[in-house]
Amino acid sequence: LLLTKPITTLQLTLGKYLGAFALICFALIPTIIYVLAIYQLGNPVGNLDVGVTIGSYIGLLLLAASFTAIGIYASTLSDNQIVTFIIAVFLCFVLYFGFEGFANYNLLGSADAFIENLGMQAHYDSISRGVIDTRDIIYFISIITVFIFLTVQRLHKMR
């Protein structure tokens, strides 16, 4: 039914993506209360590394944005919601843990560091330490862009 509306496939995909991401952002807003409580309860007041906290929130938002794009792509692969969920969880798991797990086997020597950097965990850990590096931000934006592009291409093929 949605595909019959007079909007482009990109608009449809971005609307679904932004709606899902906005829901995640609204779910994260109440967690700021915990940060404020810890800030006030510290001894002395304010004994909290604000840089790490802000970096963790930025990393969490980028990670959630990436997982949302992956989930939307997975929703185009099957009409069954359970199968879609399993595909999305599998893709997110592989992109987060898979590359680092493969790199830990030390099979490729010096290329292991490169393989580890292909995964999300290395980039998320870097941002969550409070170091906001453009390489990490570009990585997450690239993942989001690739999966939105794949979603649009898949919807074009389905039409």
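The values are calculated or read from the model by the stated rules, or taken from the named source; none is laboratory data. As the structure is a computational prediction, the values presented were derived from the model and not from experiment. Note that we place each Cβ from the backbone using ideal geometry, even for glycine, and neighbour counts take in every protein chain shown. Heavy atoms of the whole protein, side chains included, go into the accessibility calculation; ligands, DNA and RNA do not. Shrake-Rupley method; radii C 1.70, N 1.55, O 1.52, S 1.80 Å.
Please find, within region 106-139, the residue that is most open to solvent (accessible area, probe 1.4 Å) out of those that are farther than 23 Å from residue 91 by Cα, part of a helix (DSSP H, G or I) and small (Gly, Ala, Ser).
Top of the filtered list is 110.
Quickly run through region 35-47 and pick out the residues that are open to solvent by 50 Å² or more (accessible area, probe 1.4 Å) and either of a type in the set (D, E, K, R) or at pLDDT below 90 (or both).
Correct list: 43, 44, 45, 47.
Would you confirm, using the coordinates I've provided, whether residue 144 is among the aliphatic types (A, V, I, L, M), surrounded by 18 or more Cβ atoms within 10 Å (Cβ to Cβ) and touching a residue at least 60 places away in the same chain (Cβ under 8 Å)?
In short, yes.
Just give me the residues in region 81-96 being open to solvent by 100 Å² or more (accessible area, probe 1.4 Å) and closer than 24 Å to residue 134 by Cα, in sequence order.
93, the sole residue that qualifies.
Return only the number of the condition from (1) over 21 Å from residue 150 (Cβ atoms); (2) within 14 Å of the chain's Cα centre (by Cα) that residue 44 does not satisfy.
(2)
Taking interchain pairs and intrachain pairs at least six residues apart, which have beta carbon atoms under 9 angstrom, with the first residue in region 90-101 and over 21 Å from residue 72 (Cβ atoms) and the second of a type in the set (Val, Ile, Thr) and assigned to a helix (DSSP H, G or I)?
Filtered contacts from region 90-101: 99/115; 100/115.
Looking only at region 1-34, which residues are under 24 Å from the mean Cα position of the chain (by Cα), open to solvent by less than 100 Å² (accessible area, probe 1.4 Å) and touching a residue at least 24 places away in the same chain (Cβ under 8 Å)?
9, 10, 12, 13, 14, 17, 20, 21, 24, 25, 28
Find all pairs meeting these conditions: Cβ atoms under 7 angstrom apart; at least six residues apart or on different chains; first residue within region 60-72 and under 16 Å from residue 137 (Cβ atoms) and part of a helix (DSSP H, G or I); second residue modelled with pLDDT under 95 and open to solvent by less than 30 Å² (accessible area, probe 1.4 Å).
Qualifying pairs under 7 Å: 62/127; 63/120; 66/120.
May I ask you to list the residues in region 130-157 that are within 18 Å of the chain's Cα centre (by Cα) and among the charged types (D, E, K, R)?
133, 135, 136
Among the residues of region 147-159, write down those that are surrounded by 11 or more Cβ atoms within 10 Å (Cβ to Cβ) and either of a type in the set (Lys, Arg) or free of Cβ contacts under 8 Å to residues at least 60 places away in the same chain (or both).
149, 153, 154
Residue by residue, here is whether (1) within 17 Å of the chain's Cα centre (by Cα); (2) closer than 26 Å to residue 55 by Cβ; (3) of a type in the set (Ser, Thr, Tyr) holds:
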{"residue": "75", "(1), (2), (3)": "yes, no, yes"}
{"residue": "79", "(1), (2), (3)": "no, no, no"}
{"residue": "114", "(1), (2), (3)": "no, yes, no"}
{"residue": "120", "(1), (2), (3)": "yes, yes, no"}
{"residue": "128", "(1), (2), (3)": "yes, yes, yes"}
{"residue": "159", "(1), (2), (3)": "no, no, no"}
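Out of curiosity, is residue 78 among the polar types (S, T, N, Q) and not in a helix (DSSP H, G or I)?
Yes; evaluated as a whole, the condition is true for this residue.
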